[in-house]
Ligand code: SF4
């Protein structure tokens, strides 16, 4: 990603936070991952049932280590030895969790969240279920508008995630969605088959349930 001068980054973060708040989401800015973890401890109470989506950002944050401390009722979807059925059960239990942790594929300056999933357990939990959703977002996920958000997923997030998840897709080989070869690609264009991770597209705009979603922007490059 092109390096953004700090003064410009501050302005973009300020605008994004103002608009997230207008959209009834709590919004915070942290200098670094250590500060974000301290904020997590303030937002999540000991004993809360907590789980999360698959996320490179959360991995970089080291959140799983914190969740395994015993202070929280952690629904650990990444515990070794789980069967596919047990993992699916945790995905469903997530809808009743106190707190769901995730990142966002993109956050627009208008205060919208843009997320794309294949299995879609993550975006479904963002949309409804857990009492509270906390999103940790590196500054590299900030975009001006939804057009940039869509392009960010097709040229960066989806290819990187298909590599991470070992999905056999064209973008995992070329670094961008094959739909970009078309003039006006639709949401249905791109690859087919079981490896496709662009199945459901969610835009979170103004929220009815004030402050259920909390967005923590971190001034570090995190995730894809
Ligand atoms: S539609 Fe397929 S090729 Fe295009 S970005 Fe998504 S997973 Fe990759």
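The values are calculated or read from the model by the stated rules, or taken from the named source; none is laboratory data. Predicted model, so just to flag it, every value in this text is computed and none were measured. Virtual Cβ from ideal backbone geometry, glycine too; neighbours counted across all protein chains shown.
The table that follows gives values for the structure above.
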quantity	calculated
Tally, over region 1-15, of residues that are over 13 Å from residue 140 (Cβ atoms) and modelled with pLDDT of 95 or more	3
Helices (runs of 4 or more DSSP H) wholly inside region 138-224 containing at least 1 residues that are under 28 Å from residue 32 (Cβ atoms)	146-152, 158-164
Subset tally (residues that are within 10 Å of the chain's Cα centre (by Cα), closer than 24 Å to residue 29 by Cβ and either free of Cβ contacts under 8 Å to residues at least 60 places away in the same chain or in a strand (DSSP E or B) (or both)) for region 108-137	7
Residue 197, sole failed condition from (1) near the ligand (Cβ under 10 Å from one of its atoms); (2) surrounded by fewer than 19 Cβ atoms within 10 Å (Cβ to Cβ); (3) modelled with pLDDT of 95 or more	(2)
Lone unmet requirement of (1) within 22 Å of residue 109 (Cα to Cα); (2) touching a helix residue (DSSP H, G or I) at 6+ places or on another chain (Cβ under 8 Å) for residue 75	(1)
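Rundown of residues vs (1) at pLDDT 95 or above; (2) under 25 Å from residue 17 (Cα atoms); (3) surrounded by 15 or more Cβ atoms within 10 Å (Cβ to Cβ), yes/no style:
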position: 75; (1), (2), (3): yes, no, yes
position: 81; (1), (2), (3): yes, no, no
position: 88; (1), (2), (3): yes, no, no
position: 101; (1), (2), (3): yes, yes, yes
